[in-house]
Amino acid sequence: MKHAKHSNGTAFKIVAYTVCVLLTILSLMPFIIMLINSTRSTYEIQQHAISLVPSTYLMSNLSVLLGKTFNPIRGFMNSMIISVGSTACTVYFSALTAYALVAYQWKGRKTFFTVIMCVMMIPAQVTSIGFYQFMYQIHMTNNFLALILPSIAAPATVFFMRQFMLSSLPLELLDSARIDGSGEFNTFNRIALPIMKPAMATQAIFCFVSSWNSLFLPTILLTDNSKYTMPIMVGLLRGDIYKTEHGAIYLGLTLTILPLFIVYFALSKYIIAGVALGGVKG
Amino acid sequence: MKQRKGFSYARYGYLFSLPFIVAFCVFSLYPTIYTALLGFTDCKGLGNTTWHFLTDEPFKNFVSVLQNPSFIKSLGNTVKLWIMNFIPQITLALLLTAWFTSHRHKLAGQGFFKVVFYMPNIITAASVAILFNALFGYPTGPVNDLLLTTGVLSTPFNFSINATAAQLIVAFIQFWMWYGYTMIILISGVLGISPEIYEAAEIDGANDVQLFFQITIPNLKTILLYTLITSMIGGLNMYDIPKLFLLGGPDNATLTTSVFIYNQAFSGSYLYNRAAAASMIMFLIIAVFSGVIFLLMRDKDEGR
């Protein structure tokens, strides 16, 4: 009996590890092909599109890539400005809003929280036509502020921060700060914010990534080449001008994906923990 | 004195939520109402900001959207693509969850697998779409290369002109990007189930399969429902992958409602009014699901 159970366990492990290894290959393979092909010439790629050996055409692919409309440095800078701006707005103002919900008793607080939960799930995409028309009228198209300022109101982040604050911000601490004569806004910045750091860091990662990856609204609002973000820039690789330049396309993709790879593998521990937390809270 | 102090503190509650409320009203609420109104107007043409309400037939845009074969097709595609990605996604995520949380067999390297499986989720969807477009290239893309060298195919297959192949690939990309996320959510849900329930069942002689179906699944009900509905909302807004993978083609096979709305409003004759009407139709569908989620979460929050 014991023996049967043992072999049963071995069989289970063989199956489980085989599936996991196959899925690992499935996750990594597209990116490995991309990385290697970005060093190969278009001719080499046309002969054999899969190779595990890098070639020597990285620089020539780069000059083809940059010789056309694709400008990764500009895209990177634009995406950086928007993502940093909206992350800062989301994290700071969500903490402030959550603080208002937790630290003070005020009329309409419950209703306000209910409204936040109601609008949490509604994606910006379905109201984009009105948003575009509004921005067009006030001449805010091709202005990064149109993509940054809306992040001040981030219902899901407020929800998450509120849950965190309820469990880890002792209200007595605020009272003693008041006795010491600290102003309310000062108390928030000096006492509440440092306690919120772990929650803010988690939310900052996800806010940054989703802002960095966002395509729909930036495509609508940013029509000027010099304002293109990284995802819009990537779309250019799909165009006719790069049709026959396989090596350059792979290199362009590598340049857009590499920064995310570096950030992800450096922070993966926190990111995975953050995703798991979202599931428990949700 | 104390009474007065308590009263004056309430002020800060309003004051500190003010930035959120203002930003929400200006950038969310107003555009929503504006979109709803535009659905009843004749607003079209690039850069046009003057419009009139359609007084004769107020629902003209809604009717024409609902009668537009492309919209009907895009709605069907969106639902189809979502189902084609969600069923394998939840199945695999549940299977991996069962394996990774098994009490009898501890699998080593779980941390590594979680990091690798979740990874595609964090990569820009636009880049992923273009990457897969290159991978499935014809006649010399990597997938064709693989299929030819291994002898599965004798001549290269043009994935981009075959409707079924295109839909399968889009659904696969969505599946590939999201199963790791779903798995992590489900695992954290299982870890939240009290271990005593499992111990008691194990003493009663339940095997792994029984434990999974009779304890894990019923206890995960809320999280499964949450996953289902958020995935559905995301799926109904699918844009990046279908837009950039094959531009909605071939023959509109990967045209989703979001791509349809974009095309109506920002290409051709810039039919903002039609796009707004289509948005509102999607909005209503999504609002129904949001309502369900809201009820679920409120119950959970009160139990806290």
Please enumerate the residues belonging to segment A:119-150 that are more than 8 Å from chain B (Cβ to nearest Cβ), surrounded by 18 or more Cβ atoms within 10 Å (Cβ to Cβ) and part of a helix (DSSP H, G or I).
A:MET135, A:ALA146, A:LEU147, A:ILE148
Take the residues in segment A:173-195 that are touching a residue at least 60 places away in the same chain (Cβ under 8 Å) and out of contact with any Ser or Thr (no Cβ under 8 Å at 6 or more places or on another chain), then tell me which one is farthest from B:TYR9 (Cα to Cα).
A:LEU193
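Is it the case that A:SER210 is closer than 27 Å to B:ASN237 by Cβ and in a helix (DSSP H, G or I)?
On the way: closer than 27 Å to B:ASN237 by Cβ: yes; in a helix (DSSP H, G or I): yes.
Yes; evaluated as a whole, the condition is true for this residue.
Among the listed residues A:ILE82, A:ILE116, identify the single one that is surrounded by 21 or more Cβ atoms within 10 Å (Cβ to Cβ), modelled with pLDDT of 95 or more, in a helix (DSSP H, G or I) and out of contact with any strand residue (DSSP E or B) (no Cβ under 7 Å at 6 or more places or on another chain). It would help to see each step written out before you state the result.
Numbers: A:ILE116 fails: modelled with pLDDT of 95 or more.
Only one candidate passes the filter, namely A:ILE82.
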Please enumerate the residues belonging to segment A:213-251 that are more than 8 Å from chain B (Cβ to nearest Cβ), part of a helix (DSSP H, G or I) and farther than 29 Å from A:ILE152 by Cα.
A:LEU236, A:ASP240, A:ILE241, A:TYR242, A:GLY247, A:ALA248, A:LEU251
Which of the residues belonging to segment B:134-175 are touching a Ser or Thr at 6+ places or on another chain (Cβ under 8 Å), in a helix (DSSP H, G or I) and within 11 Å of another protein chain (Cβ to nearest Cβ)?
B:LEU148
The one condition A:SER182 fails out of (1) surrounded by 13 or more Cβ atoms within 10 Å (Cβ to Cβ); (2) assigned to a helix (DSSP H, G or I) is (2)
Could you give every pair whose Cβ atoms fall below 6 Å, whose first residue belongs to segment A:108-135 and is on the phi < 0 side of the Ramachandran plot, and whose second residue is of a type outside the set (Phe, Trp, Tyr) and part of a loop (DSSP other than H, G, I, E, B), counting only separations of at least 6 or pairs across chains?
A:PRO123/B:ASN237; A:GLN125/B:ASN237; A:MET135/A:THR141
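Residues in segment B:42-58: is at least one modelled with pLDDT of 90 or more, closer than 29 Å to B:PRO242 by Cα and buried (at least 17 other Cβ atoms within 10 Å of the Cβ)?
Step one: list which residues in segment B:42-58 are modelled with pLDDT of 90 or more, which gives none.
No, there is no match, as no residue in segment B:42-58 is modelled with pLDDT of 90 or more, closer than 29 Å to B:PRO242 by Cα and buried (at least 17 other Cβ atoms within 10 Å of the Cβ).
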Out of the residues in segment B:180-227 that are part of a helix (DSSP H, G or I) and either among the polar types (S, T, N, Q) or on the phi > 0 side of the Ramachandran plot (or both), state the one that is farthest from the other protein chains (Cβ to nearest Cβ).
B:GLN214
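Does B:ALA129 satisfy the criteria of being touching a helix residue (DSSP H, G or I) at 6+ places or on another chain (Cβ under 7 Å), within 9 Å of another protein chain (Cβ to nearest Cβ), of a type in the set (A, V, I, L, M, F, W, C) and within 25 Å of A:SER268 (Cα to Cα)? Outline the logic, then answer.
Numbers: touching a helix residue (DSSP H, G or I) at 6+ places or on another chain (Cβ under 7 Å): yes; within 9 Å of another protein chain (Cβ to nearest Cβ): yes; of a type in the set (A, V, I, L, M, F, W, C): yes; within 25 Å of A:SER268 (Cα to Cα): yes.
Yes; evaluated as a whole, the condition is true for this residue.
Kindly check whether there is at least one residue in segment A:188-198 that is assigned to a helix (DSSP H, G or I), crowded, with 20+ Cβ neighbours inside 10 Å and under 24 Å from the mean Cα position of the chain (by Cα).
At the first step, the residues of segment A:188-198 found to be assigned to a helix (DSSP H, G or I) are A:188-198.
With the extra rule that they be crowded, with 20+ Cβ neighbours inside 10 Å, the set shrinks to A:188, A:192, A:196.
Filter again for under 24 Å from the mean Cα position of the chain (by Cα), leaving A:196.
Yes, segment A:188-198 contains at least one residue that is assigned to a helix (DSSP H, G or I), crowded, with 20+ Cβ neighbours inside 10 Å and under 24 Å from the mean Cα position of the chain (by Cα).
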Of the residues that make up segment A:154-177, is at least one over 21 Å from the mean Cα position of the chain (by Cα), within 11 Å of chain B (Cβ to nearest Cβ) and within 21 Å of A:PRO218 (Cβ to Cβ)?
no
Could you give me the residue pairs with C-beta distances under 6 Å whose first residue belongs to segment B:14-25 and is at the interface with another protein chain (Cβ under 8 Å from one of its Cβ atoms), whose second residue is buried (at least 20 other Cβ atoms within 10 Å of the Cβ) and of a type in the set (Val, Ile, Thr) wherever it lies, and which are 6+ apart or on separate chains?
B:SER17/A:THR97; B:PRO19/A:ILE152; B:PHE20/A:THR97; B:ALA23/A:ILE152
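The values are calculated or read from the model by the stated rules, or taken from the named source; none is laboratory data. The shown structure was predicted, so the numbers you read here are calculated from the model rather than taken from an experiment. Positions of Cβ are backbone-derived with ideal geometry, glycine not excepted, and every protein chain shown enters the neighbour counts.
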